[in-house]
Amino acid sequence: MKKIFLLLSFFICVNSFSQLLSSNLEKKTLALGETDQLVIKIQNLRSRAVVTAPKNELLPFHFEEIKDSIGIDANTYERRIEFAVYEEGTFKIPELEFKVGEKLLKTIPYEIEVINTATKDDKINDIMNNKEVDLEATDYWELYKWYIFAALAVIALFFAVIMFVKYGKKKKSSPVVTTNQTLKELDLLKKKKYIEEGNYRSFYVELIDISRKFITKQYRIPADVLLTDDLIALMKQNNTISQDNEKIVEDVFLRGDLVKFAKTFPDKDLMEKDFAEIRDFVKRSSDDLEFENLRKDV
């Protein structure tokens with residue numbers, strides 16, 4: 001008798017201090033689109049937090065959650081989920097996990113059968129017989145006008161793409177565009193204030209990089225891959241760049257190489273002079289190209 005009393009006391013204590021989870025599914029057979037409700041309750045929380053999936057994300061993929069409401073107080077957690085299923089078949093709600101403190105609680109799994117009630121021995125009849133209608137030209141226009149507009153739009157887009165590819169690239173790679181773009185890059189270099197700070201190495205590295213890229217694009221000379229001596233030799237052989245511009249490029253590039261290897265230390269005045277001469281060279285490049293075109297025509 002004493003043992004039985006101790007066992008009863010033990011179970012009473014366990015139940016009084018542990019959380020109790022219960023779940024209830026309203027219907028286990030549904031018609032397509034019919035709503036069902038799952039209710040989950042956890043009791044004896046003793047102000048502990050319940051950790052589980054967020055709202056509208058508790059049920060698996062096939063279950064379309066319509067409403068997910070959660071009620072909670074110090075001792076009770078209650079969650080009511082209204083849902084529907086829009087596919088025929090048998091679907092399972094697996095064990096749903098709820099963590100209370102360090103304890104993991106799980107609901108029992110459920111199985112739901114979804115049927116299409118419209119296909120059960122129903123005979124579908126037309127309300128009235130089909131009727132033939134004579135269509136006029138305006139009727140055909142109303143039926144197909146949007147297809148015609150869509151076809152015309154596709155044709156117009158096709159020609160627009162061709163025109164852009166044919167003329168747009170030429171415009172973007174024109175000498176004027178290249179000149180303006182390089183002048184903007186030089187202005188950005190000026191704003192970095194390398195000259196004012198005496199940072200001659202960074203100044204010449206970027207100045208020559210901009211110049212090499214410009215010569216490559218504007219004059220079609222591979223200045224971006226040639227060494228300075230090879231570039232100077234090729235410019236003199238090519239004769240595309242005027243002698244004045246060629247002399248500027250030669251002086252600035254050779255000085256830049258000396259600066260790069262710490263063999264010379266230009267002052268601010270010389271840096272200003274080199275910047276101004278490169279800028280003038282870029283602006284005068286169109287004259288070189290114009291002269292080259294005249295020479296080719298002759």
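The values are calculated or read from the model by the stated rules, or taken from the named source; none is laboratory data. From a predicted model like this one, the values you see are computed outputs, not experimental measurements. Every residue, glycine as well, gets a Cβ built from its backbone with ideal geometry; the counts of neighbours run over all protein chains shown.
Determine, yes or no, whether Asp257 is surrounded by fewer than 20 Cβ atoms within 10 Å (Cβ to Cβ), closer than 20 Å to Asp280 by Cβ, over 38 Å from the mean Cα position of the chain (by Cα) and among the acidic types (Asp, Glu).
On the way: surrounded by fewer than 20 Cβ atoms within 10 Å (Cβ to Cβ): yes; closer than 20 Å to Asp280 by Cβ: no; over 38 Å from the mean Cα position of the chain (by Cα): yes; among the acidic types (Asp, Glu): yes.
Judged against the criteria, Asp257 is not a match.
Quick one: count up the residues across the range 260-287 that are part of a helix (DSSP H, G or I), aliphatic (A, V, I, L, M) and either under 46 Å from the mean Cα position of the chain (by Cα) or surrounded by fewer than 14 Cβ atoms within 10 Å (Cβ to Cβ) (or both).
At the first step, the residues of the range 260-287 found to be part of a helix (DSSP H, G or I) are 260, 268-287.
Keeping just the survivors that are aliphatic (A, V, I, L, M) gives 270-271, 276, 278, 282.
Of the ones still in play, those that are also either under 46 Å from the mean Cα position of the chain (by Cα) or surrounded by fewer than 14 Cβ atoms within 10 Å (Cβ to Cβ) (or both) are 271, 276, 278, 282.
The total comes to 4.
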Report task. Return yes when Phe98 is in contact with a strand residue (DSSP E or B) (Cβ under 8 Å, 6 or more places away or on another chain), at pLDDT below 95, within 20 Å of Asn116 (Cβ to Cβ) and hydrophobic (A, V, I, L, M, F, W, C) and no when it is not. Result -> no
